[in-house]
Structures are given as structure tokens and as C-alpha cells.
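The values are calculated or read from the model by the stated rules, or taken from the named source; none is laboratory data. Small disclaimer: the values here were computed from a predicted structure and weren't measured. No Cβ is skipped: glycine too gets one built from the backbone with ideal geometry, and neighbour counts run over all protein chains shown.
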Amino acid sequence: MAEFNIALVKGDGIGPDIIDEAVAVLNEIGNIYGHTFNFEDAVAGGRAIDLYGEPLPQSSVDICLKSDSVLLGAVGGPKWDDLPGHLRPEQALLGLRSKLGLYANIRPATLFPPLSSACPLKDSISRGGVDLVVVRELTGGLYFGAKGRDRTEDMGEAAYDTMYYTEKEVERIGRIAFSLARSRRKKLTSVDKANILESSRLWREVMHRLSAEFPDVEYSDMYVDNASMQLIRNPSQFDVIVTENTFGDILSDEASMLTGSIGMLPSASLGDGIRGLYEPIHGSAPDIAGKDLANPLAAILSAAMMLRLSFNLTEEADCIERAVMNTLSDGIRTADISGDIFVPVGTKAMGEAVRKRLKK
């Protein structure tokens, strides 16, 4: 029996809807396996802007810092689109990653067999399977490098963003990716743009050096433009993909669509300790917030990732993932994955269906 403290950042839009279902699943797992999960709400994103005038109040940071891990819904929405950059809800995500020291984002993209018909690829490609993980560096690159604006003499205003990486940043994300590949099918693809970018040349040098420490992992390099094409052409060739911040942001969203719905994809953001930030990769979808229409499976699968990666509760994580698979196999679907065949159920009914199928 174990006890864990989890900070809940429910966020905006459908965030509260889906996090409530993930919490209910965790509570049921606690009942089955004898664990106790304590939850504390932390306000961030658009709701925090409305209440406190800033996207990430210090009080919410403090709650997250004293937690064992953080479960996040989604932040943002059109309501806050006209705010200046430093006040946008998305700054809450960047702030949490920084404050918690989270530099590695892990996004699995798995096509569940019951959802094979929802994959946008033709059958000859999708039947090869989609089971890959994108490991994305989170705290460097263009998003965090020096940026600003200048005036030119004859071309008007100019803007710049700097892609900046250090050896240490590349090495620590590389070690996570190699270790993850070692626990899976032992294949790692490093994605860069080393034919053009100096930062990518450093990235490749460090990755090559690391590969000598992991001789059991099949390692290869791939340019980002080729990788974006290969994900569509032959996704089954990939096991683990590791890449820098901007490339990872784009490629992981591309990979997510191979699974049939962005509503199926969980993610984890990790650092050097056991604490992580776990969240579905979809947005806040304010148009369906509170209408019992959102798909909670990505949030539920994010909770499973938390059990496995932060709490070392592998059996419990397997139990959740097995329940999700059985729910889908039984033809239970929310609207985003129902297609023309299934009658969709709501958010609460989907969460209840998963809970009913939780068995040791």
C-alpha cells in the first residue's frame, strides 16, 4: 500500500471534464490495489488569469512543487487570444515546466487495434501498426532562446528567435531517449537538421557519442523534413524518436493523428526526479466544455503514464491501459472516435465504462 499526493491543474474548457474522469479512475485503482491518492487543485491558465490576473500564480507553483506529480487538463481558449504573450494561458505550461525542472516530453502514439479504421492512412500502411514514442526536448531551442525585434533601414521591422543548445541539454534528453528505447524495441531515431543548422550539428555529435554507451540500441539519424514524410509513408519503422523542442512539437502532433484522434494521446514531461507533469496533448475545446462530449481517454491514459513513470506502479498502469483497450473493443466510443458505426457516449459514460473494466 502506498500514498501519493497529486496536484490537479484542471485548466480551461474541457480540462475539468476530463480530469474528473481521470481522478475517478485513479480512485478506483486505489480501491483495487490498496493505494491512497490525495488530490489538491492548483489554478493555472485562463482561469488563473480571470481570478488573479496572471496565468501561473505562485500559490499554484507551490502546490505543484510539494506534490509527487501533477495531472493537467488543458489551458487556453479564444477568450484570452488577444492578451500579450507574457499573459497568455500557455505561459502557465512553460512556467510549470521551468519551475518543476521538466526538460523531457514523452508522447506515445499508439494505434489501438479497435480504432484502426479511424487512422487516416490507407490500410496497406496502417496495418503495419503505429507504436512509437516521440521524446522532445522541452526547455531549450527556439522557444527559450534569445528573441526580440529590430528596425531595419529599408525592410521595416524585423523579428528573431535563437535556437540555442548546450551539450548538457542534448546529453540529458539523449540519455532518457536511449533508456526508453532500451526498454522497448531497442531502436532510436534522432531527428535534426544537421545539413543546415549548427545547433543540429552539435546535437548529432552528442547523440553519436551517447550511442557508444548503448550498443544494444539500434541508432540512426534523420533530417526533420524526411522524418515528417516517413511518419506518413511508413510509421511502423519508428520505435523511439528523439528531437529538439520545435521539431518535437510539430512531429508529435503529426504522429498523434495516426492514432485516429488527438483525443487518444497522453503525454509526460519529466526531469531528473520522480515528479512529472502528465497531460493529454489535445486542446481545451471550449465549444464543448461542460457538455459531456469530450473524450477523457487521453487524460486517463496520462494518469496511467504517471503511475508507471513517476510512481513505479507498472501493474496498476497496465490495468488502466487494458481497461481502455477492452472498452474500445466493446464498441464504446465518444463522438470523436465513433465514426459512422458506433453510437457515441458522453464523457462521464466513457469514464464509467473504463472504471467497470478495471480488474487485476
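Tabulated data
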{"quantity": "Residues of region 132-150 satisfying the condition of being part of a strand (DSSP E or B) and surrounded by fewer than 16 Cβ atoms within 10 Å (Cβ to Cβ)", "calculated": "Lys147, Gly148, Arg149, Asp150"}
{"quantity": "Any hit, region 232-247, residues being under 26 Å from Val70 (Cβ atoms) and either among the small types (Gly, Ala, Ser) or part of a loop (DSSP other than H, G, I, E, B) (or both)", "calculated": "yes"}
{"quantity": "Candidate set from region 311-330 (those that are free of Cβ contacts under 8 Å to residues at least 60 places away in the same chain and in a loop (DSSP other than H, G, I, E, B)); member that is nearest to the chain's Cα centre (by Cα)", "calculated": "Asn312"}
{"quantity": "When residues of region 222-278 are limited to those that are of a type in the set (Asp, Glu) and touching a helix residue (DSSP H, G or I) at 6+ places or on another chain (Cβ under 7 Å), the one farthest from Gly145 (Cα to Cα)", "calculated": "Asp239"}
{"quantity": "Selection within region 64-87 - surrounded by fewer than 20 Cβ atoms within 10 Å (Cβ to Cβ) and among the aliphatic types (A, V, I, L, M)", "calculated": "Leu65, Leu83, Leu87"}
{"quantity": "Every pair of residues 6+ apart whose Cβ atoms lie under 6 Å, when the first sits in region 31-42 and is assigned by TED's automatic domain parsing to the domain that holds Leu72 while the second is loosely packed, with under 12 Cβ neighbours inside 10 Å", "calculated": "Gly34/Met1; Thr36/Glu3"}
{"quantity": "Selection within region 109-131 - farther than 19 Å from Val324 by Cα and in a loop (DSSP other than H, G, I, E, B)", "calculated": "Pro120, Leu121, Lys122, Arg127, Gly128"}
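Every residue, every condition in (1) of a type outside the set (Phe, Trp, Tyr); (2) farther than 16 Å from Leu102 by Cβ, yes or no:
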site	(1), (2)
Tyr278	no, no
His282	yes, yes
Ala303	yes, yes
Ser310	yes, no
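Rundown of residues vs (1) assigned to a strand (DSSP E or B); (2) of a type in the set (D, E, K, R); (3) surrounded by fewer than 23 Cβ atoms within 10 Å (Cβ to Cβ), yes/no style:
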position	(1), (2), (3)
Met1	no, no, yes
Asn5	yes, no, yes
Ile49	no, no, no
Asp62	no, yes, yes
Pro89	no, no, no
